[in-house]
Amino acid sequence: MGRYSAELRVQDGYNMIVLKDSASDSIAKLIPDIGNNLFSFQHGGHDVIKTAVSLQTLQNETFACSKYGTPILFPPNRVREGTYTFNGRTYQLPINEPPHHHLHGELISRAWHLVEFGALDGVGAWAKSRFSFSEHPDIMAYYPHELAFTITYRLVDGKLHMESSIANDGTDEAPFAYGLHPYFSVPYESDNKVILQVPAKDEWPVSNQAFVTDLPSETSFSRSIREEGINLSDYPVLGCSLLTLDQAADSICRIGIPQRGYSIAYQLDKAFPYVLLFRPNWDDAFSIEPYTYVTDAFNLPYASELTGAQGIRPGEVRRLTTALWTEPN
């Protein structure tokens, strides 16, 4: 039997892909049927991503698909009043966070097509899934662009890589805004320090709904989280912070759990210039959310070079990668 394996299971009526790396004691569980959600990842005996609800709850409970595992966001976070303008065209997205806003897009809850899965020594264990807007007339009615999303999760040498590929198969340039929302398993214990380090450059002033309220700048928070790190036990519940990353720095974010002797490492490529930090009140978790733009960027009065507001041209393909693992302190 080889080091790697990939298995298709059925749990609670849903297809689940289980990727294993026996040499590093790693296991990842994916649910293509529910937003292609990475709802569990363990490495070296440590929970990295841990979903505390059943798959039925994940599918059926309001907002659950955005509250656990690793939701895939297009667009990430909120769009004020669900509307914006791009290239002279006005878009009206569904108001799915009543009464005013659109939140996190359509990819988080819908079924993705499982394209292939497998395992080979020297290559790792992998699963590839796809989602095409052209197959969903209701999405095309308010976002008339034939975008095709292909995501490959690959577990190799103890690291879980997520390779996102987004292609514009249509004839018009489309507004582009992509993000991820991993919920990292964090032990918030009264005597436990949990130290977060992020290669931040600037901090954006934001509201409690992560809407931008002013231009970014270097702050004591952005300096602290870059240099010595911050204690997540002191981070406010339901608090959020929006940071621009230092493109010249090492792109790894770390959550250090010294009392348990390990850190969670989350590596982002340069296609994600921003991260949103968020501490939920419904689980022992913390989110480091990589974004291609700041919240509601198309509605901001600032230069697109600053906010990440951008398009994807016909025939263009965007590729974005992350990697996730643990390491001993």
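The values are calculated or read from the model by the stated rules, or taken from the named source; none is laboratory data. Source: prediction; values computed, not measured. Quick reminder, even Gly has a Cβ in these numbers, built from the backbone with ideal geometry, and neighbours come from all protein chains shown. Note: areas computed on protein heavy atoms with side chains; ligands, DNA, RNA excluded. Shrake-Rupley method; radii C 1.70, N 1.55, O 1.52, S 1.80 Å.
By how many nm would the segment from SER233 to VAL317 lengthen if fully extended, with 0.36 nm per residue of separation less the alpha-carbon distance?
Extra length from SER233 to VAL317 when fully extended: 26.3 nm.
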Whole-Hz Karplus ³J(HN,Hα) for the range 13-23, in order, using 6.51 cos²θ - 1.76 cosθ + 1.60 and θ = phi - 60°, x for Gly and Pro? x, 10, 6, 10, 9, 10, 9, 10, 10, 5, 5
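Keeping every protein chain in place, order LYS50, LYS20 by accessible area at 1.4 Å, biggest value first, i.e. largest first. Working shown, then result.
Details: LYS50 110, LYS20 75 Å².
Descending accessible area places them as LYS50, LYS20.
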Springs between alpha-carbon pairs under 10 angstrom, Gaussian network model over the chain: which of GLN42, GLN247, GLN209 fluctuates most? GLN209
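Taking Rh as the Kirkwood radius, which is the inverse of the mean 1/r over Cα pairs, what is the Rg/Rh value for the range 210-329?
Details: Rg = 15.6 Å, Rh = 16.0 Å.
That ratio equals 0.98.
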Return the FRET efficiency for the residue pair ARG89, GLU327: r is the Cβ-Cβ distance, R0 is 45 Å, and the value is rounded to the nearest 0.05. 0.45
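Given 10 °C and 1.306 mPa s, how large is the Stokes-Einstein diffusion coefficient of the range 4-328 in µm²/s, with Rh as the Kirkwood radius over Cα pairs? Display every interim value, and only then the final one.
On the way: Rh = 20.0 Å.
Approximately 79 µm²/s, per Stokes-Einstein.
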Simple spin-label estimate for ARG80/ASP283, 7 Å along Cα→Cβ, in nm, reads 3.0 nm
Grab the Cα-Cα distance for LEU120 and THR219, subtract it from 0.36 nm times how many residues apart they are, and report the gain in nm with one decimal. 31.0 nm
Which ³J(HN,Hα) values, rounded to whole Hz and listed in residue order, are derived for the range 99-110 from phi using the Karplus coefficients 6.51, -1.76 and 1.60 in 6.51 cos²θ - 1.76 cosθ + 1.60 with θ = phi - 60°, glycine and proline given as x? x, 10, 10, 9, 10, 6, x, 9, 6, 6, 10, 7
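Multiplying the sequence separation of ASP47 and VAL10 by 0.36 nm and subtracting their Cα-Cα distance, what value in nm do you get? Intermediate values should be presented prior to the final figure.
Details: separation 37, 0.36 × 37 = 13.32 nm, distance 2.21 nm.
This chain segment gains 11.1 nm when fully extended.
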Name the most mobile residue of ASN37, ASN231, ASN87, meaning the one with the largest mean-square fluctuation, in a Gaussian network model of the chain with Cα contacts below 10 Å. ASN87
Round to the nearest 0.05 the FRET efficiency obtained for MET1 and ASN96 when R0 = 45 Å and r is the Cβ-Cβ distance. 0.50
Amide H of ASP246: which non-local residues (sequence gap of 5 or more, or other chain) have their own amide H closer than 5 Å, using H built in the peptide plane? ALA200, LYS201
List, in the order given, every pair from LYS67/LYS270; LYS128/LYS159; LYS29/LYS270; LYS50/LYS193 whose Cα-Cα distance in the structure shown is over 23 Å. LYS67/LYS270; LYS29/LYS270
Between ALA141 and ASP250, take the C-beta separation as r, use R0 = 45 Å, and let me know the FRET efficiency to the nearest 0.05. 0.55
